[in-house]
Structure formats: structure tokens, C-alpha cells
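In what follows, a structure is listed as C-alpha cells, so that the remarks can point back to it.
The values are calculated or read from the model by the stated rules, or taken from the named source; none is laboratory data. Since the structure is predicted, the reported quantities are computational estimates derived from the model, not experimental observations. So basically every Cβ, Gly included, is an ideal-geometry build from the backbone, and we count neighbours across all protein chains shown. Ligands, DNA and RNA are stripped out before the accessible areas are found, and what is left, the full protein with its side chains, is counted by its heavy atoms. Shrake-Rupley method; radii C 1.70, N 1.55, O 1.52, S 1.80 Å.
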Amino acid sequence: MSDEQTPDWAHSFGGVADAYERGRPTYPAEAVTWMLGEQPLSVLELGAGTGKLTRVLSGLGHDVHATDPDEAMLAVLEQKVPGVPTAVAGAEDIPLADASVDAVVAGQAFHWFDLDRALPEIARVLRPQGRVCLTWNHRNEKIPWVRRLGALIGTQEQQDDPAQALIFSELFGFVEDHEFSHWQPIDRRTIQDLVLSRSNIAVLDAEARAAKLAEVLAFYDEYGRGMDGMQLPYVTRCYRATVLDRPAESRATRAADDAADDGNQGGQGDPPADDPDDENLLIDFR
């Protein structure tokens, strides 16, 4: 399939933000405590979406700044977690000063990042001994009926180790991992939201989405729980690693070096002057 024909799954969530909010599970508090510890930290959340993880972070006392490239997703987050600063931004160009946060976290989002650009950005904004924390909710498909559901709605996000790039990065130390189990109550309505919130379904046309919903509802009705709903089991996989010490290099310094390199190669224009206040710039959260 050509690039023009390939669905843009990574940017498909804004149109289904409400379904995402209703249909996706939360994260266990104990998983967040394992990743970050018990002391309140300054946390940058990347790919925050509608705030599923944000609520847990904030509820545990962390000072959270939430970013997402999709305004529609952030609009839901701002309603659900009022008072948390937000910014429309991607992981590849974080509008935050160097060494300005204790931790960077991403829930259900790291696999969407352009990691060649995102990992250096994450390392840049972390303070010394700062930590990057990644987490995913995976349906527990060891259970036969859950495996059947996965066959209907897709399992692409459960195939590979999503933290491979972090494990082999030279910017971070040893990567620790841990798993936590929890359950999400779902009923006839929220199972439809779960389906609609998936990127591979969101990119389908209306007819194909309706057909997929019909399949899932037939499966739900066959299961026989009716209005009582069911408990969908999840395994929350968590990863944490500490940023490695490195020579201080600000974004302004890198930009000046890049401009100098361009000049040495025959480029036009002078390198931009260093801004003495650049190191103190803070993210433009609204």
C-alpha cells in the first residue's frame, strides 16, 4: 500500500475522542506508584489523550503537565481534569526548557512517536536522575473469550515489545518492567465505544465501521451477560528507566551549531544569536 493509501492511524483519535473517553480503561494506581515512586514529582505527560492516565497521576499528588498533538482529545481532558495545564504538542518537539521535569510519562502512546526525534527530546527535558515511564493496557488474551474479542477488533498493538527502542537507547539506563492486573466493567454501550476508539476502526468508512460494530454486538449478545455487562481483564505493562548523565547541551546551542554547519556548507544567513533567557523558557501551557 502506498503512503497515500495508508491510513493515518496515529492521528485518527480526535474524531472519536468521546468514544475513547467512554470506552478505554483507566490505569491502576499501584502501577503509577511503581513507575514514579510515592513522592510527588513534576511530570510531563506525552500523548495524554483524554486524560485517562492524567487523572491517576494528578490523584496521586503529582504536578502534571499534559500534552497531546490532538486538540479534540485535549478538550476532553480539560473537561475531565480541570486545572491541569495542557499544550497541543507532540513528543518530537517538546516546548519545554532543558532539565525542567522530574519524569516524563506516556500511556498507550509511545509506539506512535517518531522515536529518533522523541527520545532525545525526552532526555533533554529530564532533570539529572529523571525518569522516563511508559505504560500500556493490554487485554489479557490468555482468556479464550478475550482472545475471540481481540480477533474481532484487532490486536496490532499487542504483538511486539513496545519498549524496544527505549531498551536499546543510549540515552537511558537499565529498563525495568513490571505488570499489574485489573478489570474494566463494560456493557453493551461501552463495548461499542471501545471498538470505535481503536485507530484501525476509526479510519474505516461509515459502512465498514457499522459492520464491525454489528459483529462485536453479536459477540456480546452471544456471551449472554445482557445488562449485567462483563469484566474485561487487562494486564498493565509498565517500564521505567533513568536518563543518563550527559554533557549539557541546550536547544539553542544545537540550533547555533546546526546553523554554523549550514554556513560551512555554503548556506546563507548568519547563525541566530543565543538568547540568554532561553534556558529559562517554560512550556506554553494554557
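How would you classify region 162-207 from its alpha-carbon gyration tensor, with a ≥ b ≥ c the square roots of the eigenvalues: rounded for a/c under 1.5, else prolate if a/b is greater than b/c, otherwise oblate? In terms of gyration-tensor shape, oblate.
Ligands, DNA and RNA excluded, the heavy atoms of D177 present near 100 Å² of accessible surface to a 1.4 Å solvent probe.
Each Lys or Arg adds one and each Asp or Glu takes one away; over the other residues whose Cβ falls under 10 Å from the Cβ of P25, this sums to +3. Checking the a/c ratio against 1.5 first, then a/b against b/c, what shape does the Cα gyration tensor give for region 55-159? Here region 55-159 falls in the prolate category.
Accessible surface for V76 stands near 10 Å², nearest 10, in the context of the full protein assembly shown (1.4 Å probe).
One chain, two ends: E207 and E30. Fully extended at 0.36 nm per residue, the span grows by 59.6 nm beyond their Cα-Cα distance. Using every pair of distinct Cα positions in region 121-222, the Kirkwood expression returns a hydrodynamic radius of 16.5 angstrom.
If you take all other residues with their beta carbon under 9 Å from the beta carbon of V105, and give Lys and Arg +1 and Asp and Glu -1, the sum is 0.
Bridgeable lysines around K80 (alpha carbons under 28 Å apart, same-chain partners fewer than 8 residues away excluded): K52.
In this label model, V235 and V88 are separated by 3.8 nm, measuring between points 7 Å along each Cα→Cβ vector. Packing here is the average count of other Cβ atoms within 10 Å per residue, and on that basis the peptides 49-58, 213-222, 190-199, highest first, run 49-58, 190-199, 213-222. Accessible surface of Y223, taken over heavy atoms with a 1.4 Å probe and every protein chain present, rounds to 80 Å².
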